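**Q** Would you mind keeping the following structure in view while I ask a few things?
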């Protein structure tokens with residue numbers, strides 16, 4: 001009758017392994033998304049620094 005307890009322990013261990021795997025995969029995906037967002041923000045920051053004054057901009061007068 002002790003075999004039932006062993007299979008229950010084995011099932012719990014397998015469920016734990018599955019949850020750990022899913023958590024690690026999820027964390028990896030989130031880290032990848034974070035890296036992509038940071039790269040996009042870095043590119044926008046670089047672009048905004050280059051475009052400080054648009055060419056042909058006339059702040060005093062209106063063209064209309």
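**Q** Return the pairs, sorted by first residue and then second, in which the second residue is modelled with pLDDT under 65, the first residue lies in the range 37-64 and is loosely packed, with under 10 Cβ neighbours inside 10 Å, the beta carbons are less than 7 Å apart, and the residues are 6+ apart or on different chains.
**A** Matching pairs, first to second residue: none at all.
**Q** Quickly run through the range 1-44 and pick out the residues that are at pLDDT below 85 and in a helix (DSSP H, G or I).
**A** 2, 3, 4, 5, 6, 7 - these are the residues of the range 1-44 that are at pLDDT below 85 and in a helix (DSSP H, G or I).
The values are calculated or read from the model by the stated rules, or taken from the named source; none is laboratory data. What you see is a predicted model, and the numbers here were worked out from it, not measured in a lab. Glycine gets a Cβ as well: all are built from the backbone with ideal geometry, and neighbour counts include every protein chain shown.
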